[in-house]
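Any read-out appearing in this document is the output of simple, stated calculations on the displayed coordinates, not a laboratory observation. It should be emphasised that the depicted structure is a prediction, and the values quoted were computed from it without experimental measurement. Cβ: placed from backbone, ideal geometry, glycine included. Neighbour counts: every protein chain shown.
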Amino acid sequence: MAKVDSGTIERSRERVFLTLRQYPNGLAEAELEQITHIQRRTLNNYLRALEDEGKVYKDGIYWFALPFDELRLRHFELSPEEAMTLYLATRLLAKNHDKRNEPAETALMRLAAALTTKSIAGREIHQAAQELAERPKQAEYDQIFRAVMQAYIYRHVLHLTYEPLKGKAFETDFAPYLIEPSAIGMTTYIIGQSSIVNAIRTYKLERIRAATLTRQEYAIPREFRGLDLLKSAWSVIYGAELVTVILRFGPKVRKRVLETRWHFSEQKDDDPDHPGYLLWQAQVADTTDMLPWIRGWGADVEVVEPQELRNALTREAQKLAEMYKVMTATAKDNLIAHRRKDGEEQLLVTHLLEASQLAESFAAKIGLPEIGKIMGLLHDFGKASKEFQDYLRSATGLKNPDEDDYVDYEARKGKIDHSTAGAQLAYEKLAHRGQEGKILAQFLSLAIASHHSGLIDCLKPDGANEFKRRIEKADNDTHLKEARNKLPHIEKQLDEILSKPIETQFYQVVFEAMTEDNDSKDTRWFKRGLLARFLLSCLLEADRLNTANFENPRDEAMRNDGKYIPWDILIERLEVKYTEYAQETSKMQPGQALEVNQLRAQVAQACLDFAIKPKGIYQLTVPTGGGKTLASLRFALHHARAHTNDDEKIERIFYIVPYITIIDQNADEVRKILEKADERDQVVLEHHSNFVPSHDTRHRYNLLAQNWDAPIVFTTQVQFLEALFSSGTRDARRMHQLANSVIIFDEVQTIPIKITHMFNAALRFLTHDCGATVVLCTATQPPLDKLPNEYRKLAIEREHKIIKDEPTLFKQLKRVEVHVERKPGGMSNAEIADLAEKALQEKGSVLIVVNTRPSALALYQEIKARKLGVPLYHLSTNMCPAHRMAVLERQIKRKLKAKEPVICVSTQLIEAGVDIDFGAVIRALAGLDSIAQSAGRCNRHGMREDGGSVWVVRLKEENLSRLPDIEIGLTQADTVLNWFKKNPANYDEDALGLKTIEKYYSLYFKRQESDLNYPVGLKDGIDHDDNLFNLLARNVHAYKGQVDERSLKQSFMTASKIFCVIDSPTIGVIVPIGEGRRIITALCSNIDIRQKRELLKRAQRYSVQLYRGRNGQFETLQKKGAIHQIKDDEIFYLVPDHYDKEIGWSEEPTGDQELLCF
């Protein structure tokens, strides 16, 4: 191939540039290729070269030409002295630039060439250019530098990704008004208008992660003060409020200080109290960028004012003294918080300060950073005691058993109180500061005292004052006095924080800002209790995270720490998918399937249009099969982008599903769209672990537990509710992550009825006080906004409904005919089998959904015995998720797609979130919401022009005695269906329509009205009838005036230990099918903690949940030798002959005699 000469290349490149100048609206590469007839690959090379030269830029898919004209200086003369000033400027540039800067380098070389002819400094300037050339080249910085300069020169807005020194990266549109170099840190700053806050901000070039020019032009406002803006700054941090800084310089540097004018506002005077010393004073907007200058004077300068700056330098001086071992050892130097296996120690002071910083950032989410800071400073204050230090050193091998101070650490484990001291100190400092101080004192003390147990009871249900007992605990047990003597600087920092009236702000938050119009005393106190738990969550996360980072430094790099892929990128990926959907729909033939896809597109568009709404609680009511999973995600992503400023920023999206059974399917669907191959767990996180041992050590827990650190989290209702209400610290730790999030509840009607009031109050707290947005998704919207108790309902108005015309949508998406055949006394399994045969002949495929696992198994066996000659499948939670998914995806769906006959017998697990399409559905009578969900698996995609058929039947042989909620729902559904039969017109002729469902819920919630607040009593260890809502609110049975009316009175620990989402406790057991066998074998071998964590994560899909209790499934199988324990962990597995490949686990051996090899 002939080589193209450089001249031809240059002319072609110039032609591309000139072509783009003719099209001010830009051209896509395909259009440019057609116009210029230059091959795409070559064209792209030219465009990239022109982009590097600053002549063109790309915005979206379009390329634009900049109004590029080289600057030509007119001829002028310089005196030798004037020329030397250029030399001095170039030397400053070279000395204060730590990276290679090609534009600066080229400019200096051209200047040197011009001056060389006169022999005036040209050689030196050329040398300065060479010094710049020797600086390390950073390609990303170079591109960003060019983009910023082009934006400023041509007045085009930049789109930036900026990562501040502390905090998460964010995106913003930025109009640069001023570019300012700084010798501090050898850097450059840009000052201008930032769209994310709609205000002027200063950004450091090195912290810009990406910068691209946009088409949007801007003008610098006349009122912008330019360089005058920086007169109040020491370097680049400016502001209207000025701080007076007074420094005392010693005699050694006095003359040097006098030689230079350091700031335009400075004053210099002799110090009358210290002869020979100089007092230097200036007014600056901020002292942050002044610190390096002060440090540079070392011990020859003392900060006199302000006190905050003096304190900062004092702390630094203490750290330097410790680092260089020039300070006499004090008590605090020997105090440790943790010790690693490799012998490395974490000083107690270090742990308190670092945990304080973390807790401060977490509590800042709800505007209470100082509260978090105090909790972190004091939480382990009691560890300074000799008793605890002896225990810790004995436990970690620092003390030999022969030493006098050695203690039997196994016997003392958990018995040395180190959390009460900090709680007592906080209470002592604040309780005397009036009513407001006493309130803050209790919240702080409660969190600190509870950080190893979970929130303690303030009042016990019998009225005993547990909080008072804890705060008044004897010093011999808490060692407060000893700890104060050893940690005076921690107490000093506490006093600095408390020098401001933070109790006033806290009081305003708790008793004014948190109050809603529809609050009662009960709901107000319930939400205050949630605030107490939220603050505990901030402390727990800070303590555990800092401990984990010290004990396992390598793990820190594995965390996302809130640094996520930007929302814009995720939105772009989702919108590509919706474009594909639109293209597929446009190719479909007229018919019901086309109409279904068009209606799904309407739902998705409604979600997109609604995303710009303010934060709040919204309903997405869409018939089953209406595409609400991705549509709600579309709302969430665009809603997150619409709320990106500092006050409203949305940090993550939660997708809450009712069952473990569907979490994998939904998460995988979203992962395929939003995650690239190398981004596993960087976008979508699934959290539904059954295998984190409840009594594990903290080290193991920190490694195995997840803290919802991902932009999109799929988890279950159980995990969500336990984060809010369960006992201990493991689940409470995650609660703070719900702040500033979008929380989508899929199939919200499945929230247990007894938790209704607690659930509603929690949603109101999260949205009103924690900056969250909630979306309630379902086809059968429960009346959470129409509860009998006016004060415990959700305030959902018409404008909070994403679908404006729900009745029309339901009518348009109706795809089945419902046949109600409730034979008196019920139908036998044989009669159901007969009906299934009939439905199979008419519709080609049949799904039978029943309410219990025994019913599913019995009906499956009845049909199997008939040998109908068609594939028959069984689905229930007796099968592990991977087994069920394999049956669904590899067998049932494939046959349905091929239009082959198939029968499936299932429990209600198939009702929520399972995308499957049968010709007919037979549903055992249950709640009308469940029946409607089952009907959604019939003719789901509208592919059957003759429609689908749904039969509602009563089962004779189904026992619901252990499922009272289903039994009550069945009764109310039976009543409504009778009314429907008498007058269908009153219900829009739809047995499963909106009016029918609404009527059903009115009966169901009225029947369950006394259960909505989670009733408790003697069976729960309480000597009177009560409810959890009350225990977590005003606690009226316990409160007898023994404490101040405005104190927390809740029985937090009692309530949390009673709380259970599922009435019957279960335990996960790994089963030996497929990969489950290999996981069991690996877990039984010698593996490290990292391997174990990965195995347990995989094991979630190969586990079943077994009921526990005296005659529970777990105990029954264990007695038969069918369940084995893995080593000393609370991890169990099932032996092979008790797991059947068709029906799952079985109490009796199935005949599978395969061995597990270890």
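Which ³J(HN,Hα) values, rounded to whole Hz and listed in residue order, are derived for the stretch 261-275 from phi using the Karplus coefficients 6.51, -1.76 and 1.60 in 6.51 cos²θ - 1.76 cosθ + 1.60 with θ = phi - 60°, glycine and proline given as x?
So the J values, rounded to whole Hz, are 8, 8, 8, 5, 9, 5, 10, 10, 9, 5, 8, x, 8, 9, x.
Expected output is a single nm value to one decimal: the length gained when fully extending between Glu900 and Ile35, i.e. 0.36 nm times separation in residues minus the C-alpha distance. What is it? Numbers along the way, then the final one.
On the way: separation 865, 0.36 × 865 = 311.40 nm, distance 5.34 nm.
Residue separation times 0.36 nm, minus the Cα-Cα distance, leaves 306.1 nm.
What ranking, highest mean first, results for peptides 501-513, 587-599 when packing means the other Cβ atoms within 10 Å averaged over each residue?
501-513, 587-599
So the label point goes 7 Å from the Cα of Glu308 along Cα→C-beta, right? Which residues of the stretch 227-247 then have their backbone N under 11 Å from it?
The answer is 242-244.
For the stretch 1022-1065 and the stretch 187-201, write down the distance between their C-alpha centroids in whole Å.
Each part reduced to its Cα centre gives a spacing of 50 Å.
Work out, step by step, the length gained on full extension between Arg11 and Lys252: first 0.36 nm times the residue separation, then minus their alpha carbon distance; give nm to one decimal.
Stretched fully, the Arg11-Lys252 segment lengthens by 80.2 nm.
If packing is taken as the average number of other Cβ atoms within 10 Å across a peptide's residues, how do 430-443, 515-528, 24-37 rank, most packed first?
Highest-to-lowest ranking by the protection proxy: 430-443, 515-528, 24-37.
So how far, in whole Å, is the C-alpha centre of the stretch 267-293 from the one of the stretch 607-628?
59
Label points 7 Å out from Cα along the Cβ direction at Gln598 and Glu1148: separation in nm?
For the pair Gln598/Glu1148, the computed spacing is 5.6 nm.
Between Thr579 and Glu1009, what is the label-point separation in nm under the 7 Å Cα-to-beta-carbon projection?
5.5
At 0.36 nm per residue, minus the direct Cα-Cα distance, what do Thr515 and Glu53 gain on full extension? Give it in nm, one decimal, please.
Values: separation 462, 0.36 × 462 = 166.32 nm, distance 5.84 nm.
Length gained, Thr515 through Glu53: 160.5 nm.
His819's amide H: which non-local residues (gap 5+, or another chain) put their own amide H closer than 5 Å, with H modeled 1.01 Å from N in plane and none for Pro or chain starts?
Hits under the 5 Å cutoff: Val950, Trp951, Val952.
If you plug each phi of the stretch 439-447 into the Karplus form 6.51 cos²θ - 1.76 cosθ + 1.60 with θ = phi - 60°, what whole-Hz ³J(HN,Hα) values come out, in order, with x for Gly and Pro?
5, 5, 4, 5, 4, 5, 4, 4, 5
For the stretch 462-560, rounded, prolate or oblate, judged on the Cα gyration tensor with a ≥ b ≥ c (square roots of eigenvalues), a/c < 1.5 rounded, else prolate if a/b > b/c?
Here the stretch 462-560 falls in the oblate category.
Run the quick spin-label model on Arg890 and Gln357: label points 7 Å from Cα toward the beta carbon, then report their separation in nm to one decimal.
Taking the two extended label points, one gets 5.0 nm.
Mind giving me the FRET efficiency for Leu347 and Leu227? R0 is 51 Å, r the Cβ-Cβ distance, nearest 0.05 is fine.
The calculated FRET efficiency here is 0.65.
Give the long-range amide H neighbours of Leu347: residues separated by 5 or more places, or on another chain, with amide H under 5 Å away, using H modelled in the peptide plane at 1.01 Å from N.
Residues meeting the amide H criterion: Ala337.
What's the ranking of 187-198, 1028-1039 by average number of surrounding C-beta atoms within 10 Å, highest first?
1028-1039, 187-198
Name all residues of the stretch 571-607 having a backbone nitrogen under 11 Å from the label point set 7 Å from the Cα of Glu945 along its Cα→Cβ direction, giving them as ranges.
Only 590-593 fall inside the zone, counting backbone N under 11 Å.
Give me log10 I(q)/I(0) at q = 0.07, 0.08 Å⁻¹ for the chain, Debye formula, one equal scatterer per alpha-carbon, no solvent.
-0.84, -1.06
Assign unit charges at the C-beta atoms only (+1 for Lys and Arg, -1 for Asp and Glu), then state the dipole size of the chain relative to its Cα centre in Debye, rounded to the nearest 20. Show your work: numbers first, answer last.
Working: 159 positive and 166 negative charges, 287 e Å.
Rounded to the nearest 20 debye, it is 1380 debye.
Can you give the FRET efficiency to the nearest 0.05 for Glu259 and Arg340, using r as the Cβ-Cβ distance and R₀ = 60 Å?
0.75
Is it possible to state the helix-based mean residue ellipticity at 222 nm for the chain, with each DSSP H run of 4+ residues giving -39500 (n - 2.57), the sum divided by total residues, to the nearest 500 deg cm²/dmol? What is it? If you can, show how the numbers build up before the last one.
On the way: 43 runs with 490 residues, N = 1158.
It lands at -13000 deg cm²/dmol.
So, in Å, what gap is there between the alpha-carbon centers of the stretch 349-393 and the stretch 459-488?
About 17 Å separates the Cα centre of the stretch 349-393 from the one of the stretch 459-488.
Taking Rh as the Kirkwood radius, which is the inverse of the mean 1/r over Cα pairs, what is the Rg/Rh value for the stretch 1015-1058?
Numbers: Rg = 10.3 Å, Rh = 10.7 Å.
Across the stretch 1015-1058, the Cα-based Rg/Rh ratio is 0.96.
Please go through the residue pairs Lys801/Lys1006; Lys804/Lys895; Lys429/Lys649 and name each one whose alpha carbons sit more than 27 Å apart in this structure.
Correct reply: Lys804/Lys895; Lys429/Lys649.
Rounded to the nearest 0.05, what FRET efficiency do Ser453 and Asn25 give with R0 = 60 Å and r taken as the Cβ-Cβ distance? Could you check?
Step by step, r from the Cβ atoms, then E = 0.40.
Given the pairs Lys628/Lys995; Lys956/Lys981; Lys58/Lys613, which span a C-alpha to C-alpha distance of over 28 angstrom in this model?
Lys58/Lys613
So for the chain: antiparallel DSSP bridges make up what percent, rounded to the nearest 5?
Looking only at bridges with both residues in the chain, the antiparallel portion is about 55 percent.
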